[in-house]
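The values are calculated or read from the model by the stated rules, or taken from the named source; none is laboratory data. The structure presented is a predicted model; accordingly, all values stated were derived computationally and were not measured. Quick reminder, even Gly has a Cβ in these numbers, built from the backbone with ideal geometry, and neighbours come from all protein chains shown. Side chains included, ligands, DNA and RNA excluded: accessible areas come from the protein's heavy atoms. Shrake-Rupley method; radii C 1.70, N 1.55, O 1.52, S 1.80 Å.
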Amino acid sequence: MSGIDFTPVWLTLQLASVTTVILLLLSTPLAWWLAHSRSRWAAIVEAVVALPLVLPPTVLGFYLLITLGANGFIGGPWSELTGASLVFTFTGLVIASVLYSLPFVVQPLQNAFVAIGRKPLEVACCLRASTADAFVSVILPLAKRGYITAAVLGFTHTMGEFGVVLMVGGSIPGQTQVLSIAIYEHVEVLDYKAAHVLSAGLLGFTFIVLMMVYIFNRRFPVHEH
Amino acid sequence: MNTRLKIRLGVAYDGFDLKLDLDLPGRGVTTLFGPSGSGKSTLLRCLAGLERSRTGFIKLADSVWQDEGAGIFLPTHQRPLGYVFQEPRLFNHLTVRGNLEFGFKRTPANERRLGWNQIIELLALSHLLDRKPQHLSLGEQQRVAIGRALLASPKLLLMDEPLASLDIARKREVLVFIRKLHDELDIPVVYVSHSLQEVLQITDTLVLLRDGRVIASGPITALCSELSSYLADMAGSILETTVLAHEPEFALSRLAFSGGQLYVPIQDCDVGHALRVHVLARNVSIALEKPPISTSILNIIEAKIIAISEPEAGQHSVQIKLDVGVPLLANISRKSLHTLALEPGQKVYALVKAVALAQGLVAV
């Protein structure tokens, strides 16, 4: 298989891993708040989180390009601080991926938190556990399934993104040229063999990971509450 | 030392407000009694710090848990309390042992007043330790929940209708353990119930709540006969008795109380056992003379009329308060009142059918 450059594969795995970790950290408080808030802002925030599900990636990518650009709301201060640009960089890709995959992580966690409810937390607090302690020792284990689903969906969805990445990251080999873009470019120059190898690899990998999750979910049903 | 539990709360939600000021004994079982929606559970949640009253004040013995005036509000986990809910609410991701250890591990060793073995033995939990909560019966689960709360060495135990999810046999089983807590562990309990029968044997102090207000509070035996108008059908008197003897051939037990003796359907407890009997007013009748031996009524008690309630318009019955050594309420028809020409001070006989007592008893 000489001739095929596997750099995009590693880059994609790296991007998906970093994005998933950030997303899990970010989504935990957000999903908990959405699950339990009675504020009317909750519905608005929920809608914003869900936007990437339905928006064309180019729309999201376009606004991200503007926001992250040298004169943008985020990109401007960033380049003043670091002297570097956000667009067409790995960091920019991570920010874009986090937004793009947000609903795929927030929603399973939110569902898990809603199913668990507040009661286990209250019980734990009545047994001398602080809220943080109760969250870690009771809510996290009870939400295990939600976390696995969230992590897998976040990871695989990030691996598969194309439009947003193209708009924000371009296709710089080793920096922003991820798998989906490499495949597109192989097809453009009619290198079907390379496109096949990468596409089949992505298809197989994604299928196996999803299948493992569904097998796990069937074998370990949700804890009854 | 005479410890007290002082509670002052004001909570308002849509269409409901709770406002009360209570000074309760800091020992024994205090039962919050009232219909649903009267604020019992909210009061318990406020005590636990799960709800916050912006004007609240809560003090147990010398420790202030909440004093909004002074900006004090201890979060739930800093209040040394145990909370047993209606449903067992065990952590299903842990074994029974893991559940029991949850609060135990988080209690500093020098604050542990109840030993692991003591609680395991008291609640008969040793054979359940390695099982998952999902695989236990509800009664067993509730026992584990009680054990879990106790192992955090609470200084106050809150119980919110802990028997509600159980059938009668399991109710009795758990009630036996609660009674044991009462007798063997010196932990004050605040217990929520809407069934007087359920709490009759374990309650020391009764707090009657209605629409978020305290109607009355005090020792249960003294209070009960004062509360006819709130208890309606369940109006009656509580007698403190001791089991004198069993007559298994007739399926009866003979009890002694300060006014004499009483036959009740046979009770599953030892001779000498203390038993509270709730005699419903509607099960007590009155005779002017001692009925002849040929009557089928077993319990004939000498009594003196203390008071006769003013009959309400449209009501066919009146309530009579008798003195049989302790107060005893009787409901009789207005017609009988008229025919017998009853008056306060008069000497009469109170008649109570033994079978009528059946529903008034929960022996534990």
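In the elastic network of chain B, a GNM with C-alpha springs shorter than 10 Å, the most mobile of B:Thr55, B:Thr241, B:Thr203 is B:Thr55. Summarising the label geometry, the points placed 7 Å from Cα in the beta-carbon direction at A:Val114 and B:Leu244 lie 6.5 nm from one another.
Each residue of the range B:104-110 was assigned a 3J(HN,Hα) from its phi angle through the Karplus curve 6.51 cos²θ - 1.76 cosθ + 1.60 (θ = phi - 60°); the sequence is 4, 4, 8, 9, x, 3, 6 Hz, with glycine and proline shown as x. For the pair B:Ala12 and A:Leu55, a Förster radius of 51 Å applied to the C-beta separation gives a FRET efficiency near 0.70, rounded to the nearest 0.05. P(r) for chain B, from all Cα pairs and a bin width of 10 Å, is 5, 22, 28, 23, 14, 6, 1, 0 %, short bins first.
Can you tell me how chain A classifies by the Cα gyration tensor, rounded, prolate or oblate, using a/c under 1.5 as the rounded cut? Oblate, because a/c is 1.5 or more while a/b does not exceed b/c.
Cross-link partners of B:Lys155 among lysines, defined as those whose alpha carbon lies under 24 angstrom from its own and excluding same-chain residues fewer than eight positions apart: A:Lys119, B:Lys6, B:Lys40, B:Lys59, B:Lys105, B:Lys180.
Taken per residue, the accessible surface of the range A:76-157 reaches 38 Å², heavy atoms only and a 1.4 Å probe. Grab the other residues whose beta carbon is less than 13 angstrom from that of B:Ala245, score K and R as +1, D and E as -1, and report the net. My count for the surroundings of B:Ala245 gives -2. Using heavy atoms of the protein chains and a probe of 1.4 Å, the accessible area assigned to A:Phe155 is about 40 Å². Here chain B exposes an accessible surface that is 50 percent carbon and sulfur, computed with a 1.4 Å probe and the other protein chains kept in place.
About its Cα centre, chain B has a charge dipole of approximately 640 debye under the convention of +1 per Lys or Arg Cβ and -1 per Asp or Glu Cβ, with nothing else charged. Averaged over peptide A:131-139, the number of partner chain Cβ atoms lying within 10 Å of each residue's Cβ comes to 2. When the solvent-accessible area of the range A:1-160 is split by element, carbon and sulfur atoms take up 70 percent of it, the probe being 1.4 Å.
Taking 7 Å steps out from each Cα toward its Cβ at B:Asn117 and A:Ser17 produces label points 5.2 nm apart.
Rounded to the nearest 100, the interface formed by chains B and A buries 1900 square angstrom of accessible surface, both chains summed, with a 1.4 Å probe. Relative protection proxy for A:73-82, A:22-31, A:119-128, from highest mean packing down: A:119-128, A:22-31, A:73-82 (other beta-carbon atoms within 10 angstrom).
Proximity of backbone amide H atoms, modeled 1.01 Å from N, is registered between B:Ile306 and B:Lys321, B:Leu322, B:Asp323, B:Gly345 at under 5 Å, excluding neighbours fewer than 5 places apart on the same chain.
For chain B, modelled as a GNM whose springs connect Cα atoms under 10 angstrom apart, the maximal fluctuation among B:Leu262, B:Leu22, B:Leu280 occurs at B:Leu22. Shape class of the range B:210-364 from the Cα gyration tensor (axes a ≥ b ≥ c, square roots of the eigenvalues): oblate, since a/c reaches 1.5 or more and a/b does not exceed b/c.
Can you give the local net charge around B:Leu255? Use residues other than it whose beta-carbon is closer than 14 angstrom to its beta-carbon, Lys and Arg +1, Asp and Glu -1.
Charge balance in the 14 Å sphere: -2.
In the range B:147-166, which residues become less accessible by 20 Å² or more once every protein chain is in place, relative to the chain on its own, using a 1.4 Å probe? For the range B:147-166, once contacts with the other chains are taken into account, B:Arg148, B:Ala152 lose 20 Å² or more.
Accessible-area loss of 10 Å² or more (1.4 Å probe, protein heavy atoms, chain alone versus all protein chains) is found in the range B:77-105 for B:His77, B:Pro80, B:Leu81, B:Tyr83, B:Phe85, B:Glu87, B:Arg89, B:Phe91, B:Asn92, B:His93, B:Phe102, B:Gly103. For the range A:9-219, a simple Cβ point-charge model (Lys and Arg +1, Asp and Glu -1, everything else neutral) yields a dipole of about 960 debye relative to the Cα centre.
Each peptide in A:134-145, B:40-51 receives the mean, over its residues, of other Cβ atoms within 10 Å, and ordering these scores from highest gives B:40-51, A:134-145. Beta bridges from DSSP with both residues in the protein assembly as shown: antiparallel share about 80 percent, rounded to the nearest 5.
With a 10 Å cut-off around each Cβ of A:118-125, the average count of Cβ atoms from other chains is 6.
Bridges between two residues of chain B, per DSSP, are antiparallel at a rate of about 80%.
Compute the accessible area per residue over chain B, keeping the other protein chains in place, probe 1.4 Å, unit Å².
So chain B comes to 44 Å² accessible per residue, rounded to a whole number.
Put a dot 7 Å past the Cα of A:Arg38, heading toward its Cβ, do the same for B:Ala109, and the two dots end up 4.5 nm apart. Prolate is the label for the protein assembly as shown, because the ratio a/c of its alpha-carbon gyration tensor axes (a ≥ b ≥ c) is 1.5 or higher and a/b is greater than b/c. Count charges around B:Arg334 for me, please; just the other residues with Cβ under 14 Å from its Cβ, Lys/Arg as +1, Asp/Glu as -1. Neighbourhood net charge equals -1. When +1 charges are put on Lys and Arg Cβ atoms and -1 charges on Asp and Glu Cβ atoms, the dipole computed for the protein assembly as shown relative to its Cα centre reaches about 560 debye. Extension gain, B:Ser309 to B:Ala232: 0.36 nm times the residue separation minus the Cα-Cα distance gives 26.3 nm. Per-residue Karplus couplings for the range B:305-320, computed as 6.51 cos²θ - 1.76 cosθ + 1.60 with θ equal to phi - 60°, are listed in order as 6, 9, 8, 10, 5, 5, x, 7, 4, x, 8, 8, 10, 10, 10, 10 Hz, Gly and Pro entered as x. Using only Cα atoms, locate the centre of the range B:111-133 and the centre of the range B:11-62, then give the distance between them in Å, rounded to an integer. After rounding, the separation between the Cα centres reads 30 Å. How many angstrom separate the Cα center of the range A:76-130 from the Cα center of the range B:210-244? Centre-to-centre (Cα) distance: 56 Å. Between B:Ile120, B:Ser165, B:Gln142, the Cα set farthest toward the positive side of the dipole of the range B:67-171 (charges on each charged residue's Cβ, about the Cα centre) is that of B:Ile120.
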